[in-house]
Amino acid sequence: MSSLLFLLPSIPSQNTLLPSSDQPQPAMITVNVDTGGETTFIDAGEKFVLPGLVDAHVHLNELGRTDWEGFWTGMRAAMAGAITTVIKRQTAQGQWWANIGFWGGVIPGNWQAADLKPLVAAGVKGFKCFLIESGVEEFPSVSEHDLHVHMKELQDQSTVLLFHAELENDSCSVQNHEEHDPTAYQTFLSSHPEELEVNAISLITVLQEKYNSLHCHIVHLFASTALPIIRAARSRGLNLTEETCFHYLCLSADDIPYGQPKFKCCPPICSESNRDALWDALIDGTIDCVVSNHSSCVVELRKFEEGDIMTIWGGINSLSFDLSLLWTEGQKRGISLSQIICWTSEETAKHTGLSSSKGRLSVGYDDDLVIWDPAAEFKVSKEHFDFKNKFSAYEGMVLNGVVQQTVLHGHVTYDRTQNGFDGFTPIGKLL
């Protein structure tokens, strides 16, 4: 197949998820495209037509550690997994299979207007900071003093400050636990107590009382013990939002076997009861959205042959099947597809300032959509890993829901029936 742009003038489907309905319904999607390319016609039939997902937390290490995860592999994995827009921190043009937006970073000393405000004007979606050491030399953590300076500088801007919310103090810190079995996930879990997140969110909400016009956001919320603080902050009218991740909703520390480094991530996966509480918070609106926090590294840094969880680099690879994960787990809990799309597309679009163009199938919105078979079943294996380093905590799991085709700007850019990406070229745009 030659490299063509396949234009879709219309897509009829018996199951289209529209904003006006909780259930998919018959509809004809009319797509307005620009010029050029070969016109094709897709009848989705009984398959579902959904808005493309917006993943607001993806680690693609380019420029930089491209051998961990680059644009070419990471964005292809996103498109295969129904994600048409990703938001991350670094840039490289010419490899954008999906649409892309960028976060900036807040570190000690870069608070000056010359550093941050021009980035807001240039379209950067917001700024992320760490309250605990990140493990990456070029991204040091900020202190409470740093936060006062940065929040004062940003409070009059149309932006959001994102927090990796773990904070050590005299009574609570990350522990080495050298005397415990390093192959046991519980050893790692106990080394990273939930109090770290409770401490951080407590500080953030205190600061918000002073800088109450600045939107603050908690990334990868993992600790159910922090939920009362969040609910109290919301009741006081603080402008605070939260995300959690697929792995906190779909995995439990109670089920992780010994010697399996592929399950390590920071913050850690917690107990089954904690997972249930996160689901409850998502359903009642305390947690706003769900993201992947897809974070890869080279295989050598995982030391699979040793099974030592304590000394390895962490992160969960999942971009190719996040929608299937949430759909499979959600069905067990009575969750509708409409709810899932709200958490992974509509709310993430709102969080990233894209709610006027992304996140729903509606007149005037961008024609980024997915044709999806909710009943198809597959066992997660390496053949599904479009991301660069071929390991995942989900390998071996049986999931429901398969992406058949992904459409970006009215053009088919992924087609499972045509060997995925064969014949297609990247057409993602900077947002």
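The values are calculated or read from the model by the stated rules, or taken from the named source; none is laboratory data. What you see is a predicted model; the values in this text were computed from it and never measured. Cβ atoms come from the backbone with ideal geometry, glycine included; neighbour counts cover every protein chain shown. SASA here: full protein model, heavy atoms, side chains in, ligands and nucleic acids out. Shrake-Rupley method; radii C 1.70, N 1.55, O 1.52, S 1.80 Å.
The set of residues in segment 369-385 being over 30 Å from V299 (Cβ atoms) and open to solvent by 10 Å² or more (accessible area, probe 1.4 Å) consists of D373, P374, A375. Across segment 377-396, the number of residues qualifying as small (G, A, S) and touching a residue at least 24 places away in the same chain (Cβ under 8 Å) comes to 2. Just one of the listed residues (K350, K358) is surrounded by fewer than 20 Cβ atoms within 10 Å (Cβ to Cβ) and farther than 18 Å from A281 by Cα, and it is K350.
Just to be sure, is E195 within 26 Å of D288 (Cβ to Cβ), charged (D, E, K, R), surrounded by 15 or more Cβ atoms within 10 Å (Cβ to Cβ) and out of contact with any Phe, Trp or Tyr (no Cβ under 8 Å at 6 or more places or on another chain)? When the stated conditions are applied, E195 passes them. For segment 30-58, a residue qualifies if it is touching a helix residue (DSSP H, G or I) at 6+ places or on another chain (Cβ under 8 Å) and either assigned to a loop (DSSP other than H, G, I, E, B) or at pLDDT below 75 (or both), and the qualifying residues are G52, A56.
The lone criterion from (1) farther than 20 Å from M397 by Cβ; (2) within 17 Å of the chain's Cα centre (by Cα) left unmet by T311 is number (2).
Taking L319 as the residue in question, decide whether it is of a type in the set (A, V, I, L, M), more than 22 Å from S224 (Cβ to Cβ) and surrounded by 24 or more Cβ atoms within 10 Å (Cβ to Cβ).
Working: of a type in the set (A, V, I, L, M): yes; more than 22 Å from S224 (Cβ to Cβ): yes; surrounded by 24 or more Cβ atoms within 10 Å (Cβ to Cβ): yes.
So L319 fits the description; yes.
Checked against (1) at pLDDT 75 or above; (2) within 30 Å of L119 (Cα to Cα); (3) touching a Gly at 6+ places or on another chain (Cβ under 9 Å), M75 meets all criteria but (1).
Given V412, V403, which one is touching a helix residue (DSSP H, G or I) at 6+ places or on another chain (Cβ under 9 Å), under 26 Å from Q331 (Cα atoms) and among the β-branched types (V, I, T)? Step through it out loud before you land on a result.
Values: V412 fails: under 26 Å from Q331 (Cα atoms).
Result of the check over V412, V403: V403.
Does F127 count as free of Cβ contacts under 8 Å to residues at least 60 places away in the same chain, open to solvent by less than 30 Å² (accessible area, probe 1.4 Å), part of a loop (DSSP other than H, G, I, E, B) and not β-branched (V, I, T)? Break it down stepwise before answering.
Details: free of Cβ contacts under 8 Å to residues at least 60 places away in the same chain: yes; open to solvent by less than 30 Å² (accessible area, probe 1.4 Å): yes; part of a loop (DSSP other than H, G, I, E, B): no; not β-branched (V, I, T): yes.
In short, no.
Restricting to segment 251-273, name every residue that is within 20 Å of the chain's Cα centre (by Cα) and either hydrophobic (A, V, I, L, M, F, W, C) or open to solvent by 10 Å² or more (accessible area, probe 1.4 Å) (or both). Even if it seems obvious, please write down each step before you answer.
Going through segment 251-273, the residues within 20 Å of the chain's Cα centre (by Cα) turn out to be 251-252, 262-270.
Passing the criteria: L251, K262, F263, K264, C265, C266, I269, C270.
Picking from residues in segment 211-246 that are open to solvent by 50 Å² or more (accessible area, probe 1.4 Å) and in a loop (DSSP other than H, G, I, E, B), the one that is nearest to H294 (Cα to Cα) is N239.
Matching residues to (1) open to solvent by 40 Å² or more (accessible area, probe 1.4 Å); (2) part of a loop (DSSP other than H, G, I, E, B); (3) within 27 Å of L251 (Cβ to Cβ):
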residue: V120; (1), (2), (3): no, no, no
residue: H145; (1), (2), (3): yes, no, no
residue: H150; (1), (2), (3): no, no, no
residue: D156; (1), (2), (3): yes, yes, no
residue: L167; (1), (2), (3): yes, yes, yes
residue: H177; (1), (2), (3): yes, yes, yes
residue: E209; (1), (2), (3): yes, no, no
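Each row is one residue, and each column tells you yes or no for (1) open to solvent by less than 30 Å² (accessible area, probe 1.4 Å); (2) over 30 Å from V206 (Cβ atoms); (3) among the polar types (S, T, N, Q); (4) not in a helix (DSSP H, G or I).
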residue: L249; (1), (2), (3), (4): yes, no, no, no
residue: D280; (1), (2), (3), (4): no, no, no, no
residue: G285; (1), (2), (3), (4): no, no, no, yes
residue: L301; (1), (2), (3), (4): no, yes, no, no
residue: F304; (1), (2), (3), (4): no, yes, no, yes
residue: Q331; (1), (2), (3), (4): no, yes, yes, no
residue: G334; (1), (2), (3), (4): no, yes, no, yes
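For S141, state whether it is hydroxyl-bearing (S, T, Y), outside any strand (DSSP E or B), open to solvent by less than 70 Å² (accessible area, probe 1.4 Å) and at negative phi. Yes, satisfied. Here segment 386-431 is the region considered, the condition is being surrounded by fewer than 19 Cβ atoms within 10 Å (Cβ to Cβ) and part of a strand (DSSP E or B), and the residue that is modelled with the lowest pLDDT is G420. Which of the residues spanning segment 277-324 are modelled with pLDDT under 90 and at positive phi? Answer for segment 277-324, where residues must be modelled with pLDDT under 90 and at positive phi: N293, K303, G307, G315.
All conditions but one from (1) open to solvent by less than 50 Å² (accessible area, probe 1.4 Å); (2) under 22 Å from the mean Cα position of the chain (by Cα); (3) in contact (Cβ under 8 Å) with a residue 40 or more places away in the chain apply to G135; the one that does not is (1).
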